[in-house]
Amino acid sequence: MAYNLLAGKRGIITGALDENSIAWQIALKAKEEGATFTLTNAPVAMRMGKIKELAEFCNAEIIPADATKLEDIENLYTKSMEVLGGKIDFVLHSIGMSVNIRKKNEYGNLNYDWLMQSLDISAVSFHKMLQVAEKLDALNEHASVVALSYIAAQRTFGTYGDMAQAKAMLESIARSYGERYGRLKKVRVNTVSQSPTKTTAGSGIAGFDGFYAYAEALSPLGNATAEDCANYVVSLFSDLTRMVTMQNLYHDGGFSTNGISDEIMNKLV
Ligand SMILES: NC(=O)c1ccc[n+]([C@@H]2O[C@H](COP(=O)([O-])OP(=O)(O)OC[C@H]3O[C@@H](n4cnc5c(N)ncnc54)[C@H](O)[C@@H]3O)[C@@H](O)[C@H]2O)c1
């Protein structure tokens, strides 16, 4: 059921690779709620993924941008404002990649060039998207900017490797830039800490099936799906949450607060 929560709003959605991507579900939901938006991804993802399918369905233009490159981000905002006919009301950062994890480098054997690359892609890119938006004055007052995070920023999950540092930095950027942009333009900046979700990035983590099953068993509501995440993020883009900023918001079926569940207890005794 749609509520017209985003009627008249203009947005930019990063990170939709295929139908499993969390961003893909967010795009579908944003369209259902009346938003117009542009879609973007790294130029290499244009060949790998299915973003064109999504763009056709959503009647959205694709503007390729490598989120680590300032000139690409500048072009993304400038073209988005042109195509959509005005300043932007919401931005989704749904970008993450660790080269060390992809190359199966253990945490005690990090390649530091790859670490810097992963931090740039997965966290500093969030700062870049905010800084370029501010410099171009591309966001409307009360605009909402959301990035997707994971609880490995607070708790250690061994095989999540250097992505834990990336997520900690991402959440910290939301607080620091949220303070600045709120003061300057009433723009709000938050991260949503999502349950393990079966996507290309998620499944790339060693032991992902274990994370997924453990979280499912510990969370009183079970794991939140990508579609559930889309509903939550759309509420954050809407005017219903205009005073929420600088937060890391858990969207995890209760995982982050629960100590133990009967299901896990029964397996142990
Ligand atoms: N899947 C999970 O379990 C899970 C849980 C919590 C948070 N998240 C986060 O959600 C976000 C989206 O991931 P997903 O799970 O939907 O997987 P996904 O693989 O579908 O999305 C990751 C996206 O990042 C894009 N990307 C990589 N490098 C880029 C670059 N240089 N410039 C622009 N885009 C680039 C990829 O092309 C891809 O579209 C990530 O930040 C991820 O860490 C995922």
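Just so you know, all these numbers are worked out from the coordinates, no wet-lab data involved. Because the structure is a prediction, the values reported are computed rather than measured. A quick note on method: Cβ atoms are made from the backbone with ideal geometry, for glycine too, and the neighbour counts reach across all protein chains shown.
Each peptide in 12-18, 163-169 receives the mean, over its residues, of other Cβ atoms within 10 Å, and ordering these scores from highest gives 12-18, 163-169. With all projection directions averaged, the alpha carbon convex hull of segment 112-269 covers 10.2 nm².
Here the peptides 62-71, 189-198 are ranked by packing, the mean other Cβ count within 10 Å, and the order with the highest first is 189-198, 62-71. Against the main long axis of the alpha-carbon atoms of the chain, helix 226-237 sits at an angle near 40°. The relative contact order of the chain comes to 19 percent, based on Cα pairs under 8 Å that sit 6 or more residues apart. So what's the back-of-envelope 222 nm ellipticity for the chain, counting only DSSP H runs of four-plus at -39500 (n - 2.57) apiece and dividing by all residues, rounded to 500? It lands at -13000 deg cm²/dmol. Using just the C-alpha positions of the chain as equal point scatterers, what log10 of I(q)/I(0) does the Debye formula give at each q in 0.11, 0.13, 0.14 1/Å? The calculated log intensity ratios at q = 0.11, 0.13, 0.14 Å⁻¹ are -0.58, -0.81, -0.95.
Hey, which of these cross-link pairs are over 32 Å Cα-Cα: LYS50/LYS103; LYS29/LYS186; LYS29/LYS103; LYS29/LYS69; LYS52/LYS135; LYS69/LYS104?
Distance filter (> 32 Å) returns LYS29/LYS103.
Here the relative contact order of segment 36-174, from alpha carbon pairs under 8 Å that lie six or more residues apart, stands at 25 percent.
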